[in-house]
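Student: Pasting a structure here, questions to come.
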């Protein structure tokens, strides 16, 4: 007499019966979900492919677009939408008070789907990258200017076999899927470019994305920061610097001196002290336009006629450099290292010109951009 055992090494009619009973529970009590099937990252062309971003023979969800960062940024989705049944626990949106600060966990869902029916519908198992739309979660009363209900989209982050999905035959019947709400990112461009279904011809990005509001907030913060701190470093222009001689005494200039030229721009009849050789304060990012508000010229070359004590700002130096004529040579006073805090093309610093470098150099009758990715500038060679 054979021993009694519900387990079989293969899937028998017992498994099929239990699987149909379980699927019936999804058909009766589950909700519809629309699945946007992830096909894989877009293939680069032969000309743009590199060792870090290779070209594959075919588009596959197992391909990796960027080998360096292990990212799939340019994702391709099936234009067809697949409908299946799923079950998940609806929970209230509460603050997570178990951690320091306030955290909301309403953007993560754990959903259960039937294995065999999902594979039959999609043609493969559900995997990370698939985007799921919940038709029953649309917001028909959103506070916006669009005449269309807001849809709710989630992306699959992880897929495991549900613990409650194992039947008496010890075979799994259910997948437990972890979902995260999508946002306006490069990965979901094909999804967000779909029409929203209104008469104005808007896309899902137009009605779902918070990009414009976030940019308005960011620009307002940057504008306030520029007003509070227009330049980097410290402003010492309101501090006076007294020029001293070798003995540490104030270097006085008065009308009794024989070598004063009253017609000179930096020497006037009411001047009492000599122009300082440099600012009397040292520190990080203290460069200013002039010392004590003295008048100075500017240009890309020094003037021919000048008198001792004259200042001149060389604008061809980066950053701009202020010099003083001592009668024999132009001595450096300081560099204008203070600059705007915002990262704009008008910043006159080495960092700004390096990051925002848009110039091109001609190499072998070919225009080559000076700013290039290291992966494109240094291509690995085969070690034979």
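Student: As an exercise, use a Förster radius of 25 Å and the Cβ-Cβ distance of residue 383 and residue 71 to find the FRET efficiency, rounded to the nearest 0.05.
Tutor: Numbers: r = 27 Å, r/R0 = 1.08.
That pair, residue 383 with residue 71, gives E of 0.40.
Student: Follow-up. For segment 36-77, list residues with backbone N below 18 Å from a point placed 7 Å from the Cα of residue 360 toward its Cβ?
Tutor: Of the residues in segment 36-77, 48 have backbone N under 18 Å from the label point off residue 360.
Student: Apply 1/(1 + (r/R0)^6) to the Cβ-Cβ distance of residue 246 and residue 225, taking R0 = 30 Å, and write down the FRET efficiency to the nearest 0.05. Present the calculation step by step, with values, prior to reporting the outcome.
Tutor: Working: r = 45 Å, r/R0 = 1.49.
After rounding, the FRET efficiency stands at 0.10.
Student: What does the extension gain come out to for residue 10 and residue 89, with contour length at 0.36 nm per residue minus their alpha carbon separation?
Tutor: On the way: separation 79, 0.36 × 79 = 28.44 nm, distance 3.23 nm.
This chain segment gains 25.2 nm when fully extended.
Student: Further question on the same structure: Take residue 302 and residue 373, extend 7 Å from each Cα along the Cα→Cβ direction, and tell me the distance between the two endpoints in nm.
Tutor: So the two model labels end up 4.8 nm from each other.
Student: What is the fewest-to-most order of 130, 74 by other Cβ atoms lying within 10 Å of their Cβ?
Tutor: On the way: 130 23, 74 17.
Starting with the residue having the fewest Cβ neighbours, the order is 74, 130.
Student: Shifting gears a bit: What is the spin-label model distance, in nm, from residue 198 to residue 341 if the labels are put 7 Å beyond Cα along the C-beta direction?
Tutor: Result for the modelled spin labels: 3.7 nm.
Student: Which order results if 141, 183, 175, 23 are arranged by neighbouring Cβ count within 10 Å, fewest first? Intermediate results must be reported in sequence, preceding the final value.
Tutor: Values: 141 6, 183 15, 175 21, 23 18.
Listed from fewest to most nearby Cβ atoms, that is 141, 183, 23, 175.
Student: State, to one decimal in nm, how far the label point of residue 318 lies from the label point of residue 18, with both points 7 Å from Cα in the Cβ direction.
Tutor: About 7.2 nm separates the two model spin labels.
Student: Let me ask something additional. Kindly provide log₁₀ I(q)/I(0) values, in the same order as q = 0.09, 0.10, 0.17, 0.18 Å⁻¹, from the Debye equation applied to equal alpha-carbon scatterers of segment 13-209.
Tutor: At q = 0.09, 0.10, 0.17, 0.18 Å⁻¹ the computed log10 ratios are -0.43, -0.52, -1.22, -1.28.
Student: With 10 angstrom as the radius, rank 67, 215, 341 by how many other C-beta atoms surround their C-beta, starting from the fewest. It would help to have the intermediate numbers written out before the result.
Tutor: Numbers: 67 13, 215 10, 341 16.
So the ranking, lowest neighbour count to highest, is 215, 67, 341.
Student: Which whole-angstrom value gives the distance between the alpha carbon centres of segment 75-93 and segment 117-166?
Tutor: The distance from the Cα centre of segment 75-93 to that of segment 117-166 comes to 2 Å.
Student: Output the peptides 142-151, 31-40, 295-304 sorted from most to least packed, where packing is the average of other Cβ atoms within 10 Å over each peptide's residues. Walk me through the numbers on the way to the answer.
Tutor: Details: 142-151: 13.2, 31-40: 19.2, 295-304: 10.9.
Listed from highest to lowest mean packing, they are 31-40, 142-151, 295-304.
Every read-out reported here was derived from the displayed coordinates using simple, explicitly stated rules and does not represent laboratory data. All values derive from a computational prediction rather than experimental measurement. Virtual Cβ from ideal backbone geometry, glycine too; neighbours counted across all protein chains shown.
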